[in-house]
Amino acid sequence: MKETDVAIIIPVYNEARVIKQTIQGVLSSFPLVICINDGSIDNTAEEIEKTKAILINHPINLGQGAAIQTGIEYALKDPSIKYFVTFDADGQHRIEDVKNMLAYIRKEKVDVVLGSRFLGATENMTPLKKAVLKAAVKFSNFTTGLLLTDAHNGLRVFNRRMAEKLDITMPDMAHASEIIHRIAEHQFAYKELPVTIAYTDYSKAKGQSIMNAVNITFDLLLQRVTKR
């Protein structure tokens, strides 16, 4: 049975090789999939158009945070949407985890459920990536007062109340930290659940593991400077 009160939001940048497969896997359980093509220079848009997903195009690359915010604003126009899911385009996330997170948020009194690879499992994570993510968690917990095990996981499920107040303004990986700060700022009730993240040969070939680690490090340093 498909969950019609859920919007799956997928920010996409140059993922033509895998995005169609990712979308088809999501559509098997969720009819509303919103893909934000964030200024891709390959044929990502054409691949999305081959599916039943909604395509929104950014004319230039604005960053993952901006893409997610665009998807949230589009989904909020539909009053029947109660839950919002951020989902990576490159095949790292599992639909089974999304379903578990949705089941939890429907049952319990929380505003957001965050996926944690450190409560769950990772496949083919590099030592550098793990070290930087662990450092990010410590920094995030210190600056927000929250107690998390994974601060930069792109798999999240949140309710309409949080979606209406989120207002992401930071680009790139910085948006992940901004979301955590929004949770603390608005005192949203949260829960972490274990998920599995698969770092594939495809994502490694694109250099995502190393570049994301560098981006997260820069994000942490930038936050430290701006808070002084």
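List of remarks:
- Förster-model FRET efficiency, 22 Å R0, Ser80 and Ser28, C-beta, rounded to 0.05: 0.60
- Calculated over the range 50-110, the projected area of the Cα convex hull averaged across directions stands at 5.7 nm².
- Modelled this way, with points 7 Å down the Cα-to-C-beta line, the labels at Asp5 and Lys50 are 3.5 nm from one another.
- With both labels modelled 7 Å from their Cα along Cα-to-Cβ, the Asn100 to Glu73 distance reads 3.5 nm.
- Efficiency of FRET between Lys165 and Asn43 - r from beta-carbon atoms, R0 41 angstrom, step 0.05: 0.70
- Dividing the radius of gyration of the alpha carbons in the range 146-190 by their Kirkwood radius gives 0.91 for Rg/Rh.
- Computed over the range 1-91, relative contact order equals 41 percent, with contacts defined as Cα pairs under 8 Å that lie 6+ residues apart.
Read-outs throughout are calculated quantities, based only on the coordinates presented, and are distinct from any laboratory measurement. On a predicted model such as this, the values are computed, not experimentally measured, just so you know. In this analysis, Cβ positions are derived from the backbone assuming ideal geometry, glycine residues included, and neighbour counts consider all displayed protein chains.
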